[in-house]
Structure formats: C-alpha cells, structure tokens
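Remarks on the structure that follows.
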Amino acid sequence: MKIYIIAGEASGDLHGASLISTIRQWEPNIKIRAWGGDKMKSAGSVLVKHYKDLAFMGFMEVVKNINTILNNLRFCKKDIEEFQPETLVLIDYPGFNLRIAKWAKKKGIKVVYYISPQIWAWHSSRVKKIKQSVDEMLVILPFEKSFYAEHNMNVKYVGHPLTEIRAKFIPDPDFKKKHQIEDRKTILLMPGSRKQEINRMLPIFAKTSKRFPNYQFLLAGINTIDRSLYEKHIASSSIKLIYDENYQLMSICDLAWISSGTATLEAAIFNLPQIVCYKGNPLSYQLAKRLVKVPFISLVNLIANQQIVTELIQEDFAVDALIDETQRLAQNAAEMRQQYNNHVVSKLSNLKTSELAAKIILNPRP
C-alpha cells in the first residue's frame with residue numbers, strides 16, 4: 001500500500017509524525033511519501049517538500065508568493081501521479097490541501113482529511129467543497145463535530161493528538177543542568193515558527209524582558225529557523241535560546257508569552273500559564289478581522305468558550321500592555337491552571353487519536 005501525506009506547518013509535522021509512527025507499527029512495509037518536516041521524515045516517510053518552504057501566513061504574504069504556491073501545486077499533482085498512492089492524507093493547511101483534494105478525488109484517490117481546516121472561524125462555505133472532495137474528515141476539537149453536523153456532514157471525532165503526546169512525555173531531570181538554566185522564576189518565549197512571525201513578535205518580547213530583571217527568559221527555537229535570525233533580536237538581552245525542546249521547556253517554566261497557534265493549547269495541556277500574542281501584516285489583519293467569525297484567536301479560549309487567557313492582538317500587543325498582563329498573570333497563575341483543567345483539558349478526549357486515525361486511513365474503500 002502507498003500513502004501520500006501533505007502537512008504545511010510545524011504543528012502538522014508533529015501530528016503527522018505520530019500518525020506515521022502508528023501506521024508503520026501496523027504496516028512496516030508501507031510506502032509513505034510526504035510534505036512535512038523533520039519529524040515526519042524521522043517517523044518513516046520520504047520527505048518531498050519541507051514545510052519551511054511552504055508556510056505563507058496572511059493574505060498579503062500569499063499574494064506576494066502566488067507564483068511559488070502555483071508551482072508547488074503543479075509539482076505536487078505530478079508527484080502524486082507518479083507515486084500512485086491508494087490514499088491521500090491531508091493535514092490542515094487548507095488553502096493548498098483543498099485544491100489538491102478536489103484534484104485527487106477526480107483521479108479516484110481516497111482522500112482523508114486529518115485535522116480539519118478551521119473553517120468554523122471563517123469561510124464556512126468551504127464545507128461544500130469538503131463534502132465534494134473528501135471521503136473521510138477526522139476532527140480533533142470537540143465542537144467541530146457539531147459544526148459539521150449543522151452543515152449536514154458526518155465527520156469522525158478522534159480526540160486531540162496533543163493529549164497522546166502529553167501522556168507519553170517524560171521530563172528530563174537533567175534538563176536544567178544540561179542547558180545551564182538557573183533555579184528561579186522563568187518565562188518561556190514562543191514567537192512562532194515562521195520568519196515573519198518571529199520578526200514581528202520577538203523584538204517586543206526582547207524589549208519587554210528587560211523590564212523583568214527578576215525573571216530569566218528562555219526562547220524556544222525551531223530547527224528550521226537559522227540561529228542568526230533569533231540572535232539579531234535578542235543580542236542585547238539576557239534571553240537564552242534553546243532549540244527543539246518545547247515540551248521540556250513548558251514543563252519547567254512558570255509563565256509564557258506565546259504567539260497564537262497550536263502552542264497555546266500545548267501550554268494549557270502542560271499547565272503553563274500564558275499570555276497569547278499576535279501581530280501580523282496590517283493589511284492582512286484588517287482583511288481577516290472582517291472575515292473571521294469567532295470571538296477569540298487562541299484555541300484555549302475557543303475550546304473553553306470563554307476568555308481564560310489574555311489575547312494581545314495587533315496594536316494591543318505592545319511593551320506596556322505585555323508588562324501589565326505579565327504582572328497580573330504572575331498573581332493569578334494558580335487560577336489559570338485551575339481553569340485549564342476545568343474548561344479545556346477536561347473537554348479533550350483521551351482517545352488514542354493516532355490509532356483511530358490510522359485505522360480509518362488504512363481501511364480500504366468499501
């Protein structure tokens with residue numbers, strides 16, 4: 001059997017890797033070709049394209065890179081045709097993946113969408129396209145099943161893969177010693193996985209960190225980002241850069257400043273009090289503001305259906321505001337941890353997500 005998988009972001013690489021590992025346990029000789037990252041490659045797929053070359057975030061960024069995107073679509077279709085997979089697995093990344101789904105369906109390839117695009121936030125009209133192009137939609141957020149049901153589409157809820165990852169996590173007792181981390185109050189900085197996010201977020205993080213001399217600051221680095229980009233922004237600060245140890249860092253830190261995305265939910269699952277921050281291209285943000293239909297940008301607040309974590313967005317994401325919210329969070333950290341447990345983690349099923357998804361993917365078409 002042959003499977004082709006497409007993930008276009010760091011979170012997709014993480015979840016895709018867990019899925020591939022599970023599939024390979026059951027079918028060691030299966031052939032898997034993928035777009036993703038280092039984790040998916042290590043899990044046992046032949047990597048075609050790395051997500052670091054695919055992640056264009058925001059309307060203006062997409063427009064600027066439209067030729068690259070179109071070339072990638074053409075290349076992807078050609079590569080799938082040559083590989084001839086029985087099943088195509090799409091992980092989030094809707095702008096690209098929904099186009100591939102439509103094409104693959106016409107080619108007679110079974111299409112499984114693992115981790116639904118966030119069409120409930122905006123562009124719900126895409127449900128019609130999904131109905132026409134996707135054989136199986138696997139959702140990971142508890143409210144997504146009812147959203148699709150409202151649009152007369154039956155989907156399968158497989159639980160959230162992060163609960164699996166958290167259950168398997170083992171803290172390293174020598175982690176602090178290994179990275180020369182002092183035994184005092186610590187704030188974790190997670191400015192995102194894309195260069196454009198880092199360039200907008202990290203300067204404000206670095207400037208604000210200087211106003212908290214009693215804290216040490218640890219920066220979660222991503223291996224697809226060159227060290228020079230981080231160092232450009234933190235050179236005049238005491239921030240320590242540590243690569244690819246996100247969960248170890250979350251397990252030892254007291255607070256976090258996090259760019260909106262999957263990391264906000266990871267922090268909640270690791271019981272790490274946080275402030276969610278976001279700053280994008282001004283024009284892209286104004287366009288998104290008119291289209292987005294949800295009251296929050298963080299998955300934590302969306303799952304809880306109430307504000308648990310503070311969101312500093314666009315103009316509100318500034319040094320003075322971050323200082324005020326950090327001081328407030330330091331006083332109310334225990335309360336946020338309790339809210340995580342009551343309103344977020346308790347809603348995420350402890351189903352064996354990767355196993356459920358793998359069974360559906362490996363199941364031949366009736």
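The values are calculated or read from the model by the stated rules, or taken from the named source; none is laboratory data. What you see is a predicted model, and the numbers here were worked out from it, not measured in a lab. With ideal geometry, Cβ positions are generated from the backbone for all residues, glycine too; neighbour counts draw on all protein chains shown.
In a strand (DSSP E or B) and under 28 Å from I115 (Cβ atoms): which single residue out of A256, A263 fits that description?
A256
Restricting region 209-232 to residues that are part of a helix (DSSP H, G or I) and either at pLDDT below 95 or over 23 Å from the mean Cα position of the chain (by Cα) (or both), the residue that is farthest from K39 (Cα to Cα) is S209. Considering only residues in region 230-266 that are farther than 18 Å from M336 by Cα and among the acidic types (D, E), the one that is surrounded by the most Cβ atoms within 10 Å (Cβ to Cβ) turns out to be E245.
Restricting attention to region 190-202, does a residue exist that is within 12 Å of L255 (Cβ to Cβ), under 16 Å from the mean Cα position of the chain (by Cα) and among the aliphatic types (A, V, I, L, M)? Yes, the conditions are met somewhere in region 190-202. Filter region 25-53 down to the residues that are basic (K, R) and in contact with a strand residue (DSSP E or B) (Cβ under 8 Å, 6 or more places away or on another chain), then identify the one that is nearest to T68 (Cα to Cα). Checked region 25-53; the qualifying residue nearest to T68 (Cα to Cα) is K49.
Every residue, every condition in (1) under 21 Å from D13 (Cα atoms); (2) in a helix (DSSP H, G or I); (3) touching a His at 6+ places or on another chain (Cβ under 7 Å), yes or no:
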| residue | (1), (2), (3) |
| --- | --- |
| P173 | no, no, no |
| K176 | no, yes, no |
| I181 | no, no, no |
| S193 | yes, no, no |
| E197 | yes, yes, no |
| R200 | no, yes, no |
| P203 | no, yes, yes |
| K207 | no, yes, no |
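Just checking, does region 117-134 include any residue being outside any helix (DSSP H, G or I) and under 19 Å from I20 (Cα atoms)? No; the residues of region 117-134 include none that is outside any helix (DSSP H, G or I) and under 19 Å from I20 (Cα atoms). Residue by residue through region 266-278, note down the ones that are assigned to a helix (DSSP H, G or I) and touching a strand residue (DSSP E or B) at 6+ places or on another chain (Cβ under 7 Å). Within region 266-278, A267 is the sole residue that qualifies. Give me the pairs: first residue in region 324-353 and in the same structural domain as K210 (by TED's automatic domain parsing) and without any contact (Cβ under 8 Å) to a residue 12 or more places away in the chain, second residue small (G, A, S) and surrounded by 12 or more Cβ atoms within 10 Å (Cβ to Cβ), beta-carbon distance under 9 Å, and six or more apart or on different chains, which are they? Cβ pairs passing all conditions: N342/A304. Going through (1) crowded, with 17+ Cβ neighbours inside 10 Å; (2) of a type outside the set (D, E); (3) modelled with pLDDT of 95 or more one by one, Q307 falls short only on (1). Candidates S251, S238, S228: the one that is hydroxyl-bearing (S, T, Y) and under 22 Å from K279 (Cα atoms) is S228.
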